[in-house]
Amino acid sequence: MLIVQKYGGSSLANASLICAAARRVTGLARQGAQVVVVVSAQGDTTDELLEKAGFVNEAGSAREMDMYLSCGEQLSAALLAMAIGGQSWPAVSLTGWQAGIETDSTHQNARILGLCNGRIRQELEQGRIVVVTGFQGVNGKGDITTLGRGGSDTTAVALAAFLKADLCQIFTDVDGVYDRDPRRYPDAVRFSRISYDNMLRLIQDGAQVLHDRSVELARDYQIPVEVLSAFTGLPGTVVGP
């Protein structure tokens, strides 16, 4: 069984949470699953990087911003791979270009075109957990690109599609998909399952739990996506056919 998991920034915000994620993924590996993990930058790292860039040049080039912002995910990936190693399981962290995530050349809002090498498969076959940086890829010139808002979700679903994964799990700070914002409406109802098209309608109405590109990819490749909390350990919402 091949499972792709994605951890958002709030799910990796400190060392304790990174170690919790490491325990979860090694638990799956010990049960016999092959695991690919996609990570976002920790906590507010991206906002902090943007603020620093603004002090240098408020109108920096899109190419250089992609080069710069991709560092946040690389930090998360290396830390999680080291934490998995601390659980006595082999792991390797890969940047978007090392993983072979090929994109178009639209800097800061690139679209994934395909997977252009077999590195992830090779690492899985050697028994490693593979930790991939979300939000980034490489264009035809070899330049780093970033995928825009919700890019790590898109990375996870794309990898699940290209690798023909059995399941894609999106770990976040909410415990699933609700009919409306549970932070504003105490009587909001959580779905145990929702169709791709209904999920897209919720996104159009302002739901921010998933990005529309990731749901469209999941629908096109018929990949079930489970949205669940990184903090409770409970089942979440399955977005599927």
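What to note about this one:
- For V130, the test of being over 30 Å from V92 (Cα atoms) and buried (at least 20 other Cβ atoms within 10 Å of the Cβ) is failed.
- Hits in the range 165-179 - residues which are touching a helix residue (DSSP H, G or I) at 6+ places or on another chain (Cβ under 7 Å) and on the phi > 0 side of the Ramachandran plot: none
- Restricting the search to strands (runs of 3 or more DSSP E) fully inside the range 132-239 and requiring at least 2 residues that are under 24 Å from Y68 (Cα atoms) gives 136-138, 144-146.
- Extreme residue, modelled with the lowest pLDDT, among residues of the range 45-62 that are exposed (fewer than 10 other Cβ atoms within 10 Å of the Cβ) and aliphatic (A, V, I, L, M): A59
- Counting only strands (runs of 3 or more DSSP E) that sit wholly inside the range 1-102, those with at least 2 residues that are of a type outside the set (A, V, I, L, M) and either within 23 Å of A161 (Cα to Cα) or out of contact with any strand residue (DSSP E or B) (no Cβ under 6 Å at 6 or more places or on another chain) (or both) are 2-7.
- Output for the range 112-125, where each listed residue is surrounded by 14 or more Cβ atoms within 10 Å (Cβ to Cβ), in contact with a strand residue (DSSP E or B) (Cβ under 8 Å, 6 or more places away or on another chain) and either in a strand (DSSP E or B) or modelled with pLDDT of 95 or more (or both): I112, L113, L115, R119, I120, E123, L124
- Take the conditions (1) in contact with a helix residue (DSSP H, G or I) (Cβ under 8 Å, 6 or more places away or on another chain); (2) surrounded by fewer than 16 Cβ atoms within 10 Å (Cβ to Cβ); (3) under 22 Å from T172 (Cα atoms); L75 misses just one of them, which is (2).
- Scoring D197 on the criteria (1) closer than 21 Å to V239 by Cβ; (2) touching a residue at least 40 places away in the same chain (Cβ under 8 Å); (3) exposed (fewer than 14 other Cβ atoms within 10 Å of the Cβ) leaves a single failure, condition (2).
- Of the criteria (1) more than 15 Å from the chain's Cα centre (by Cα); (2) closer than 22 Å to R213 by Cα; (3) not charged (D, E, K, R), which one G72 fails: (1)
- Within the option set D179, D104, D166, D173, being under 19 Å from C19 (Cα atoms), of a type in the set (D, E) and in contact (Cβ under 8 Å) with a residue 12 or more places away in the chain holds for one residue only, D173.
- Restricting attention to the range 208-224 and to residues that are farther than 14 Å from V4 by Cα and of a type in the set (S, T, N, Q), the residue that is nearest to the chain's Cα centre (by Cα) turns out to be Q208.
The values are calculated or read from the model by the stated rules, or taken from the named source; none is laboratory data. All values reported here derive from a predicted model rather than from experimental measurement. In this analysis, Cβ positions are derived from the backbone assuming ideal geometry, glycine residues included, and neighbour counts consider all displayed protein chains.
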